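Worksheet for the structure shown next.
The values are calculated or read from the model by the stated rules, or taken from the named source; none is laboratory data. Predicted model, so just to flag it, every value in this text is computed and none were measured. With ideal geometry, Cβ positions are generated from the backbone for all residues, glycine too; neighbour counts draw on all protein chains shown. Side chains are part of the model used for accessible areas, which takes the heavy atoms of the whole protein and leaves out ligands, DNA and RNA. Shrake-Rupley method; radii C 1.70, N 1.55, O 1.52, S 1.80 Å.
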Amino acid sequence: MNSEKNALGRVLLVSKKAYSAIKNGEIEMNVPALLDNISAALSHLNDKKQPLAKVFPKLQKQIKQISAEFYATVDEYFSKLYAVLDFDFEKAALHVPAIIYGNDKICAMYVSGDHDKLNSMCDAMKSYPGFLFGEFEALSDKQFYDLVFGFYPKLYERDDFMGEMKYLFANDKRPAKSK
């Protein structure tokens with residue numbers, strides 16, 4: 001599991017950089033190809049035949065092919081010397097389908113050309129890896145969802161970007177505070 005945890009942590013970091021780069025329009029790249037490859041790699045998490053740790057080097061090659069400029073911003077995450085932050089692997093694994101779902105929605109929005117919605121989606125999704133790394137530990141899971149994803153339907157009527165994944169944030173598993 002340590003190699004899977006390490007690979008997942010690295011893919012989450014790459015994802016966070018990708019959402020920021022897409023939102024800010026910093027780098028010319030094939031956005032759907034990048035997010036599809038990240039999602040494809042994530043879909044291998046805990047796979048017995050081809051686990052994420054084994055397909056991770058393939059993701060590295062794919063990102064280099066998609067955009068050498070973007071790869072330069074994430075190449076450190078592919079180094080064996082890079083120490084990934086500690087995080088709750090089980091919780092992160094539960095959220096992988098939501099990340100894949102979010103990536104699919106971002107790709108569809110990119111293809112549709114609605115850059116306002118695309119930027120809002122990327123802005124929300126770039127916080128997701130941080131949430132899984134514990135950067136929002138002061139918030140319950142539900143509070144995080146309400147803060148980061150809950151605004152979306154208020155901005156864009158009838159469009160609930162991550163509404164189908166809200167159930168993942170219903171169980172608040174924060175440890176009780178010691179006195």
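A few notes on this one:
- Among the candidates LYS61, LYS49, residue that is among the basic types (Lys, Arg) and in a helix (DSSP H, G or I): LYS61
- Of all residues in region 46-98 being of a type in the set (Val, Ile, Thr) and out of contact with any Leu (no Cβ under 6 Å at 6 or more places or on another chain), the one that is nearest to ALA33 (Cα to Cα): ILE63
- Whichever residue in region 121-171 is within 15 Å of the chain's Cα centre (by Cα) and of a type in the set (D, E, K, R) and, among such residues, is surrounded by the most Cβ atoms within 10 Å (Cβ to Cβ): LYS126
- Meets criteria (without any contact (Cβ under 8 Å) to a residue 12 or more places away in the chain, farther than 20 Å from LEU8 by Cα, among the small types (Gly, Ala, Ser) and out of contact with any His (no Cβ under 8 Å at 6 or more places or on another chain)) for ALA83: no
- Yes/no for VAL55 being buried (at least 19 other Cβ atoms within 10 Å of the Cβ), part of a helix (DSSP H, G or I) and under 15 Å from the mean Cα position of the chain (by Cα): no
- For the criterion of being open to solvent by 80 Å² or more (accessible area, probe 1.4 Å), farther than 20 Å from GLU26 by Cβ, among the aliphatic types (A, V, I, L, M) and modelled with pLDDT under 90, LEU94 fails.
- Criterion violated by LYS58 - all others in (1) among the charged types (D, E, K, R); (2) within 14 Å of SER43 (Cβ to Cβ); (3) in contact with a Phe, Trp or Tyr (Cβ under 8 Å, 6 or more places away or on another chain) satisfied: (3)
- Number of positions in region 85-107 that are touching a Phe, Trp or Tyr at 6+ places or on another chain (Cβ under 8 Å) and not in a helix (DSSP H, G or I): 2
- Lone unmet requirement of (1) open to solvent by 40 Å² or more (accessible area, probe 1.4 Å); (2) in contact with a Leu (Cβ under 7 Å, 6 or more places away or on another chain); (3) part of a helix (DSSP H, G or I) for ASN37: (1)
- Residue check: TYR71 meets all listed conditions (1) open to solvent by 10 Å² or more (accessible area, probe 1.4 Å); (2) modelled with pLDDT under 95; (3) closer than 17 Å to ALA41 by Cβ; (4) not in a loop (DSSP other than H, G, I, E, B) but one, namely (2).
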